[in-house]
1. Rg over Rh of the stretch 371-498, using C-alpha atoms and the Kirkwood radius, what does it come to?
2. Structure shown: which of 232/455; 95/232; 98/196; 99/470 lie over 28 Å apart, alpha-carbon to alpha-carbon?
3. Taking every pair of alpha-carbon atoms in the stretch 220-290, what share in percent sits in each 10 Å bin, from 0 to the bin with the longest distance?
4. Please give the peptides 392-399, 422-429 ranked by average Cβ packing (other Cβ atoms within 10 Å per residue), highest first, as a rough proxy for protection.
5. Can you list the trypsin sites (Lys or Arg not before Pro) in the stretch 179-238 that are in a DSSP coil and have 14 or fewer other beta carbons within 10 angstrom?
6. Once label points are set 7 Å from the Cα along Cα→Cβ at both residue 416 and residue 281, what is their separation, rounded to one decimal in nm?
7. Stretched out fully, how many nm does the piece from residue 232 to residue 304 gain, at 0.36 nm a residue minus the Cα gap?
8. Throw me the Rg/Rh for the stretch 444-498, computed over C-alpha atoms with Kirkwood Rh, two decimals.
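The values are calculated or read from the model by the stated rules, or taken from the named source; none is laboratory data. Keep in mind that this is a model prediction, so the values were computed, not measured. Backbone-built Cβ (ideal geometry, glycine too); neighbour counts: all protein chains shown. Heavy atoms of the whole protein, side chains included, go into the accessibility calculation; ligands, DNA and RNA do not. Shrake-Rupley method; radii C 1.70, N 1.55, O 1.52, S 1.80 Å.
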Amino acid sequence: MESDVSWVPVLLPALLLLLCQYSCATRPSPSTILAPALPSAAPGLAAADDVAAAVAATDAAPSTAAPAAAAAAPADKYAHTPREVLEDASLSVPKLLKKYGYPVENHVVMTEDGYLLTLHRVPHGAHSDSDDINSNRVRSLRKPLRTTRNSRRRSFTSTGIKRKRGAARHSAGRTVLLLPGMFCSSAVWFIMGPRKGLGYILADAGWDVWIANPRGNRYSMGHVEIPSTDDKYWQFSWHEMGQYDVPAILDYVTTATDQAQVPVVGHSMGNTMMMVMGALRPEYSRLVSVHVALAPTVFLQHAQSPVLKGLAALAPTVSTLTAMLGVHSLRPTLTLNEALKQLCREEAVVTQRICKNAAFMLLGFDAEQLNATMFPVIMGHVPSGGSTRTLLHYVQSFTSGDFRQFDLGAKRNLAKYGQAQPPAYNLSRVDFPVAISVGENDWLDSMEDVQRIAKLLPNVVDFYRVPWPKFNHMDHLFAIDAKELEYDHVMEILERFS
């Protein structure tokens with residue numbers, strides 16, 4: 001399935017690169033771009049009473065935090081990408097975890113609307129004293145784990161594991177669920193390697209780590225009736241992921257681990273999905289002990305990304321072409337990821353610079369926190385597939401400035417929603433605790449838009465400004481000093497609500 005070739009995944013990066021080249025010709029170089037003033041993050045956790053003040057603070061002094069990366073010497077332009085890095089770029093998530101000595105399970109969950117989602121589970125660290133009840137051996141036979149709270153939905157497991165009776169059904173009480181962003185997979189929590197990737201850090205700290213793969217990425221391409229080659233399969237956006245995927249995943253994980261609640265850590269679209277779930281399926285909020293939202297992509301009204309603005313200008317044309325040509329998917333292809341991996345190697349000085357600038361123009365400039373050596377690993381796993389409707393839904397959010405359901409056009413909106421405009425999601429219904437973490441230099445999630453989210457949510461328990469003024473959207477996953485700048489704080493939040 002991964003070998004299917006479509007012109008759309010090839011065209012999109014080309015479009016991004018063209019937009020980057022045009023924008024770079026009219027904007028200052030990365031070294032001259034200055035981030036807005038960053039209020040220093042208070043040490044420790046912000047008390048619930050202090051959250052409003054943290055959200056409203058705009059005139060505090062800029063942070064002077066200077067992580068080790070800031071003083072690092074420029075990379076040697078003649079450096080060669082290590083063989084280990086190129087290998088990691090080509091490994092699947094289970095093989096990547098196995099390479100570094102971590103246990104892994106594959107679990108398959110079916111949603112109410114029939115999509116089959118793969119969850120990757122890392123129950124403990126590489127050097128844990130826990131019984132190794134897990135295995136990298138996976139079989140295709142899917143046996144029912146149980147009937148979920150909704151009798152119409154069944155959950156499945158495909159671990160094929162020999163273990164003590166009932167062992168995989170339980171957790172030590174420190175279970176956590178990770179949700180990736182748009183066109184990403186479970187890989188993004190691991191591809192920076194042990195001691196750097198949040199998935200590894202959590203597992204080594206004793207957490208039972210579950211990582212979701214939303215519908216349409218390379219690990220979740222199944223459906224009980226509709227093949228992924230059918231356009232009907234791809235008629236979804238992050239709306240359906242929040243309405244169906246997140247509830248099914250939460251139901252499965254809490255049941256499999258015998259936990260009443262689990263904390264959730266999301267990045268970008270992972271947070272969008274959580275907001276949709278909270279607004280539309282509030283009965284599932286009781287399964288969430290806390291939601292740690294890294295770069296919550298909800299409102300995009302003040303997004304600075306020239307790439308997003310360019311896509312918004314092209315959106316009507318893209319929508320028309322998609323409908324005319326019947327191209328509804330950005331499918332994951334090994335061909336595309338291999339090409340991007342090669343283009344972004346350190347040896348390819350010119351094309352790697354284009355890769356970096358394309359990412360920076362979309363997400364914000366932060367050359368100091370980007371480990372250029374690891375860029376091929378990132379490109380080997382991102383993009384991981386998705387629907388064009390998911391991207392268009394974000395473009396609609398940017399254009400409207402609101403957080404609404406998918407806009408089908410006035411006539412079809414009337415037929416589906418009973419009104420000319422799609423209904424807005426009611427964020428006041430999202431009553432599980434939310435801890436927000438935001439970077440000042442994020443060109444997708446502006447500080448103004450994130451503050452707007454925090455004011456509308458009824459239960460914001462922490463508002464953390466990453467103390468590095470250039471911290472951008474992808475730094476939440478790939479920054480050299482992500483652990484010191486953000487993950488240590490995330491761990492404190494998780495401990496507080498565990």
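1. Ratio value, two decimals: 1.03.
2. 232/455; 95/232; 99/470
3. Computed distribution, short to long bins: 19, 46, 28, 7.
4. Put in order of decreasing packing, that is 392-399, 422-429.
5. Sites meeting the loop and neighbour criteria: 195.
6. The two pseudo-label positions are separated by 1.8 nm.
7. Working: separation 72, 0.36 × 72 = 25.92 nm, distance 3.34 nm.
Full extension of this stretch gives 22.6 nm more.
8. Working: Rg = 12.4 Å, Rh = 12.6 Å.
We get a ratio of 0.98 for the stretch 444-498.
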